[in-house]
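Peer 1: Here it is, the structure, as structure tokens.
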Amino acid sequence: MRTLKLQVHMSVDGFVAGPNGELDWMTWDLGDDLEKYMKFILDLHEPVDTILLGRKMTGGFISHWENVVDNQPDSPEFVLAEKMVNTPKVVFSKTLNEVKGRNVSLAKGKLEDEIAKLKNAKGKDIIVYGGAEFVSALIAGRHIDEFNFLIDPVLINKGLRIFDKLDHRQKLISLGATAFDCGVNVLRYRLDKS
């Protein structure tokens, strides 16, 4: 069975976006950490051949990475952008009938059925980047196998969370931690399925 990973930036007080989806609180200036950070992200993405996205995050995600590939060949994000554009993406939506972008398909069925179909298909790991409501439903349904929390050194006081639908405990097993000089700390966990 394929592993479903989550990669998400989070404030120290547990928010993944501002009240209206703002990401202006995230640490963008990585300084000397940029190369180490990009290696971490590329290593995390290396065993992945499918990206999952919720409807609300899709437009910004696709347009950002396609813009880097099409217009910014000198960007430090270019290699990652190529992976994001070239990796097949599955967008979960009950309302969309099509999504513009490269290597994109839609999943419109029941969440648990669509996830089971993807996890039982042949292939490598699957990764989800968001959005908040979609990730919250995946966590509540115990669909996420590996959690990669990138904790930004900020308290934002209010915003979107991903644990509010959780109605039972889920024990996690630590896979390690990485600290960056810019203040971002990565906490990695695996879901304990025992």
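Derivation of every value follows stated rules applied to the coordinates shown; laboratory data play no part. For clarity, every value in this text was computed on a predicted model and none was experimentally measured. Backbone-built Cβ (ideal geometry, glycine too); neighbour counts: all protein chains shown.
Peer 1: Taking residue 11, is it more than 14 Å from the chain's Cα centre (by Cα) and buried (at least 18 other Cβ atoms within 10 Å of the Cβ)?
Peer 2: Answer is yes for this residue.
This table checks each residue for (1) closer than 14 Å to residue 14 by Cα; (2) over 17 Å from the mean Cα position of the chain (by Cα); (3) without any contact (Cβ under 8 Å) to a residue 60 or more places away in the chain.
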site: 146; (1), (2), (3): no, no, no
site: 150; (1), (2), (3): yes, no, no
site: 158; (1), (2), (3): yes, yes, no
site: 167; (1), (2), (3): no, yes, yes
site: 172; (1), (2), (3): no, yes, yes
site: 181; (1), (2), (3): no, yes, no
site: 185; (1), (2), (3): yes, no, yes
site: 194; (1), (2), (3): no, yes, yes
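Peer 1: Among (1) buried (at least 18 other Cβ atoms within 10 Å of the Cβ); (2) touching an Asp or Glu at 6+ places or on another chain (Cβ under 7 Å), where does residue 172 come up short?
Peer 2: Result: residue 172 passes all but (1).
Residues checked against (1) among the aliphatic types (A, V, I, L, M); (2) within 26 Å of residue 37 (Cα to Cα); (3) part of a loop (DSSP other than H, G, I, E, B):
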| site | (1), (2), (3) |
| --- | --- |
| 112 | no, no, no |
| 126 | yes, yes, no |
| 143 | no, no, yes |
| 170 | no, no, yes |
| 187 | yes, yes, no |
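Peer 1: Identify, from the list 94, 39, 56, the residue that is part of a helix (DSSP H, G or I) and within 22 Å of residue 138 (Cβ to Cβ).
Peer 2: None of the other options fit; the residue is 56.
Peer 1: Restricted to the stretch 148-169, and to residues that are exposed (fewer than 15 other Cβ atoms within 10 Å of the Cβ) and among the acidic types (Asp, Glu), which residue is farthest from residue 57 (Cα to Cα)?
Peer 2: Step by step, filter the stretch 148-169, then rank; the result is 167.
Peer 1: Given 177, 140, which one is surrounded by fewer than 17 Cβ atoms within 10 Å (Cβ to Cβ) and of a type in the set (A, V, I, L, M)?
Peer 2: Answer to the check: 177.
Peer 1: Sort out which residues of the stretch 80-108 are over 18 Å from residue 132 (Cα atoms) and either of a type in the set (S, T, N, Q) or exposed (fewer than 12 other Cβ atoms within 10 Å of the Cβ) (or both), and write them in order of number.
Peer 2: Residues satisfying the conditions are 86, 87, 97, 98, 100, 103, 105.
Peer 1: May I pose another question? Would you confirm, using the coordinates I've provided, whether residue 29 is outside any strand (DSSP E or B), in contact with an Asp or Glu (Cβ under 6 Å, 6 or more places away or on another chain) and farther than 26 Å from residue 94 by Cβ?
Peer 2: So residue 29 does not fit the description; no.
Peer 1: Working carefully through the options 105, 93, 75, find the one that is free of Cβ contacts under 8 Å to residues at least 24 places away in the same chain and either among the aliphatic types (A, V, I, L, M) or over 18 Å from residue 28 (Cα atoms) (or both).
Peer 2: On the way: 93 fails: free of Cβ contacts under 8 Å to residues at least 24 places away in the same chain; 75 fails: either among the aliphatic types (A, V, I, L, M) or over 18 Å from residue 28 (Cα atoms) (or both).
Of the residues listed, the single one that is free of Cβ contacts under 8 Å to residues at least 24 places away in the same chain and either among the aliphatic types (A, V, I, L, M) or over 18 Å from residue 28 (Cα atoms) (or both) is 105.
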